[in-house]
Every structure is written in structure tokens, then in C-alpha cells.
Amino acid sequence: IGIGDDSDPQPHPDFTNRVTSRAATGYFPPYGHGVHVSGIAAGAGIVNEIRTGFAPKASIVSQVNSNIFINAPAYVADYGMVITNNSYGNIVNDCSNFGVYDLYSRVLDQQAFDLPELQNVFAAGNSGWSICAPFPDSFRTVLSGYQSAKNVLSVGNARPNDQRIFSRSSRGPVRDGRLKPEIAGIGAFITSAGPYGSYYFENTGTSMASPAIAGG
């Protein structure tokens, strides 16, 4: 599984001997977003079994954000990468930009044909607080570009207690009318690996729902 994010998770014991690091940013606490995301997708629960991720025996290829799919042809060939998780986005506060199919979308859609054994998974965004008239509150707020591609899975955030969509989770339709996200996972109040040794911490967002789907 490829993790495109902001940090290299391997100093945490839950990833012992399972990380191939291509993340040029290295490991810089307290920026633990990438560590947390990696734990949800593939943490082994070595420190705390309750915090085991969805694919605890998977090998991880760690890279910085979009570089994970930019370098996908090499990672598929060299490491057998079959899925990527991407918990990041571009413009997050502009209704005129939400849901736009652009060059980034096109690149990912072409990759689905070039690398049919690879599935890219993206967090849909946390822009559900926006009101983009004439749509109802929080609708048509899926991020443009990566998240609006046709051949990726975009993931919404559901609440753990009643499985309703979390208030800040982005939702469609995208600009051309397609339904997004395709699936939702529980991404609210999730405890996972943190950036300080054997530390765990809680976070909420589509960033947490997406690796649950990718790992699952």
C-alpha cells in the first residue's frame, strides 16, 4: 500500500520492518498526519493491539503527497504496490473550484488504464462547512482535481455512533453531475499512531476515513 502524505511513519513500532521510505520530508514531529494515516491503513498494533490498522501485515511505500501516484509505475514494478491512500487536497475553500474536473483528474484517470492493477483512493475533503448556492448547505463541496477524477475512489467521513455523514465531510455532486464520494468510512474521533515513539493520538476527517477504506 502506498501512503502519500506528510511524513515517514517508520520510527513508530507499529511499522517495524514494513516501510520503504521514499518520503523526502523524512520524519519531523510534531507533523504526525502521515503517521496517523499510515496507522489506520496498516498499523500492526504492536504497542496497543486495539489500535491495529485495517491491513496490519501490508508493506508500506511512503512518499510525499502526490509523488506517490506520480511515481506509481516504478512502485508498482518494484514493490508490487496495488493501492494508494491520499489524504490531502488542493483548494479547500472556494465554491467556484469545488468539483472541477481538470488536468490532475485526467492524469489519474489515464493512470487507471495504464496501471489497471492499481487503485488510487482519496479523501474527499473537509469542506462541508461551505454553502455553495444554489446547492443545499454542504453539498457540491468535493475538492477539485484528484478527488473529482472518475477512476479514483473518493471517501467521505461518517460518524462512529450513527454512521451519518460527519458535518464537515465534503459531498457531491461534482461539477459535471457525477455522484461523489463513492463510499464513506468512519473517520471521526479515530485514535491511531502518532509521531512520538510509541505515541497514539486522536484525529477526525476524511483523512482518517480514506485509509480505512484503502486498508480495508
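The values are calculated or read from the model by the stated rules, or taken from the named source; none is laboratory data. Remember, predicted model here, so these are calculated numbers, not experimental data. Cβ coordinates were reconstructed from backbone atoms using ideal geometry, including for glycine residues, and neighbour counts include every protein chain displayed. Just so you know, the surface numbers come from the protein's heavy atoms only, side chains and all, with ligands and any DNA or RNA stripped out. Shrake-Rupley method; radii C 1.70, N 1.55, O 1.52, S 1.80 Å.
Values as computed for the structure displayed
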item	result
Nearest 10 degrees, 0 to 90: helix 33-42 Cα axis against the chain principal axis	80 degrees
Whole-number percent relative contact order across segment 65-176, with pairs defined as alpha carbons under 8 Å at least 6 apart	30 percent
Gap separating the Cα centres of segment 78-105 and segment 152-203, nearest whole Å	15 Å
Total charge dipole magnitude, the chain, about the Cα centre, Cβ charges on Lys, Arg, Asp, Glu only, Debye to nearest 20	360 debye
Highest-MSF residue in the chain out of 160, 136, 11 [GNM, Cα springs under 10 Å]	136
Accessible surface, per residue, of the chain when the full set of protein chains is kept, probe 1.4 Å, Å²	44 Å²
Solvent-accessible surface (1.4 angstrom probe) belonging to residue 3, in square angstrom, nearest 10	0 Å²
Degrees separating the helix 103-114 axis from the principal Cα axis of the chain, which is the longest one	60 degrees
Cα pair distances of segment 71-119 binned at 10 Å [whole percent]	21, 46, 25, 9
Equivalent ellipsoid, the chain (semi-axes from 5 times Cα gyration tensor eigenvalues, Å)	27, 20, 14
Residues whose placed amide H lies under 5 Å from that of residue 180, excluding near-sequence neighbours	172, 174
Where 64, 35 fall by accessible area, highest first, once all protein chains stay in place (1.4 Å)	64, 35
Sequence-separation-based contact order of the chain, relative, with Cα cut under 8 Å and 6+ spacing, percent	24 percent
Accessible area of segment 62-216 belonging to carbon and sulfur atoms, whole % at 1.4 Å probe	56 percent
